[in-house]
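J.: Got a structure here, written out as structure tokens. Questions coming.
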Amino acid sequence: MDGFAVRHEDVKRASERKGVSLTVVGESRAGRPFEGTVGQGEAVRIMTGALVPPGADTVVMSEYATTADNQVVLFVNPAKGANIRARGEFLRCGDTVLRHGDTIGPAEIGILATLGYADVQVHRRPLVAVLSTGDELIDLGKPLGPGQVFSSNAYSLAAQISECGGVPLLLGIAADDEQELLARLLEGLTADVMVTSGGVSEGRHDLVKQALMRLGMKLVFWKVAMKPGKPMLFGMVDEKPVFGLPGNPGATMICFEQFVRPALLQMMGHQRLFRPQAKAALAGQAIRNADRVHFLRCALENQNGSLTATLIPKLSLGVTRSTRPADGLIVIAPGGAAVHPGDTVVVQILRWPA
């Protein structure tokens, strides 16, 4: 506080009716401390952020003082140590400030600057190439032809990559032609990670896996016991991870959440790789058993601290709108009984309800 640095012994008898007069012997400003010592019957004018001079142990706020020449009259008896922050109050030697895996945000940057650190080592944000495949796709801004759809997956994937801290590199659209696909994939391998959408199933024109194998991909897995997203693949090309995601927008986004996002977070040094999970009471319709792990989009509602999960009206996985309002994903393990309204379900939280 702005005020006067004093010895508590000198002001302990002050009151609103009877002030105590002290001699002002100097001033302590932030960055320009008073160089003397406060003696008996003395005070030093002090500003917020200034060092408390030797001899003083209390600061009386300016609001409780009147001054004339080099004298100050104080009309309050504060507690000893009032309006002073002790050395080491913020941080002490040996305190842990940041840990490996912490995200550097505005508050952390402020702490580092407070401690005088101009540079710290951090994990680089990975550059993630995104390639959409399919003759039916057309980019935004172009007129749709017969049987064509806009290439939405590239933009939703770019947003998901940015949201978790990566840097998206949009490669555009590759037609269902192996030579064109090879050229685009080679371009994508200049990035740290590559993510493709479409062309990973077993159809005649699903060429992504075949093209990647020609580029020397070491296939780690192809097909996953999950719904949606069964045909996705993962492999390594020259030590670079490649994720082949299905083309249906809903499946693409869900596969990204389960596989790509945790991988990118690990590359950036994060310790928490997966979305938080919570238990919620199922509302609305029942959920039938499945033969594989089932991820169902849901809306969440917080009712007096308890979560309620309601399935989002069922739409085709090819309809992007079906993924838009999801607050979470209900995770149904295979082989269990059907889940009925009122039963408890496990929800992977995408965003917490208000």
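J.: Have a look at ARG125, ARG85 and point out the one that is open to solvent by 80 Å² or more (accessible area, probe 1.4 Å) and under 19 Å from the mean Cα position of the chain (by Cα).
T.: Exactly one of ARG125, ARG85 is open to solvent by 80 Å² or more (accessible area, probe 1.4 Å) and under 19 Å from the mean Cα position of the chain (by Cα), namely ARG125.
J.: Which one of ALA191, ALA183, ALA211, ALA225 is at pLDDT 95 or above and in contact with an Asp or Glu (Cβ under 6 Å, 6 or more places away or on another chain)?
T.: Going through ALA191, ALA183, ALA211, ALA225 in turn, the sole match is ALA211.
J.: Shifting gears a bit: Is it true that GLN179 is assigned to a helix (DSSP H, G or I), in contact with a helix residue (DSSP H, G or I) (Cβ under 8 Å, 6 or more places away or on another chain) and open to solvent by 10 Å² or more (accessible area, probe 1.4 Å)?
T.: Taking the combined requirement at face value, the residue does not satisfy it.
J.: Name, by its number, the condition in (1) assigned to a loop (DSSP other than H, G, I, E, B); (2) of a type in the set (A, V, I, L, M); (3) open to solvent by less than 50 Å² (accessible area, probe 1.4 Å); (4) closer than 13 Å to VAL6 by Cβ that does not hold for VAL73.
T.: (1)
J.: Further question: Where in segment 185-269 are there strands (runs of 3 or more DSSP E), lying fully within it, with 2 or more residues that are over 28 Å from ASP291 (Cα atoms)?
T.: Result: 193-197, 233-237, 240-245.
J.: Restricting the search to segment 149-162, which residues are surrounded by fewer than 18 Cβ atoms within 10 Å (Cβ to Cβ) and either part of a helix (DSSP H, G or I) or touching a strand residue (DSSP E or B) at 6+ places or on another chain (Cβ under 8 Å) (or both)?
T.: VAL149, PHE150, TYR155, ALA159, SER162
J.: Run down VAL38, VAL44, VAL59 and say which single residue is open to solvent by less than 20 Å² (accessible area, probe 1.4 Å), in a loop (DSSP other than H, G, I, E, B) and modelled with pLDDT of 95 or more.
T.: Just one listed residue meets the conditions, VAL38.
J.: Further, regarding this structure: Kindly provide the set of residues from segment 206-234 that are of a type in the set (Gly, Ala, Ser) and either in contact (Cβ under 8 Å) with a residue 24 or more places away in the chain or open to solvent by less than 10 Å² (accessible area, probe 1.4 Å) (or both), ordered by number.
T.: Those that are of a type in the set (Gly, Ala, Ser) and either in contact (Cβ under 8 Å) with a residue 24 or more places away in the chain or open to solvent by less than 10 Å² (accessible area, probe 1.4 Å) (or both): ALA211, ALA225, GLY229.
J.: In addition: Do we find a residue being modelled with pLDDT of 85 or more, surrounded by 11 or more Cβ atoms within 10 Å (Cβ to Cβ) and not aromatic (Phe, Trp, Tyr) anywhere in segment 315-326?
T.: Yes; the residues of segment 315-326 include at least one that is modelled with pLDDT of 85 or more, surrounded by 11 or more Cβ atoms within 10 Å (Cβ to Cβ) and not aromatic (Phe, Trp, Tyr).
J.: Okay, moving on. Just to check your reading of the model, which residue among GLY165, GLY101 is touching a helix residue (DSSP H, G or I) at 6+ places or on another chain (Cβ under 8 Å), open to solvent by less than 30 Å² (accessible area, probe 1.4 Å) and assigned to a loop (DSSP other than H, G, I, E, B)?
T.: GLY165
The values are calculated or read from the model by the stated rules, or taken from the named source; none is laboratory data. Computed from a predicted structure; not experimentally measured. Using ideal geometry, Cβ is built from the backbone for each residue, glycine included, and neighbour counts are taken over all protein chains shown. SASA here: full protein model, heavy atoms, side chains in, ligands and nucleic acids out. Shrake-Rupley method; radii C 1.70, N 1.55, O 1.52, S 1.80 Å.
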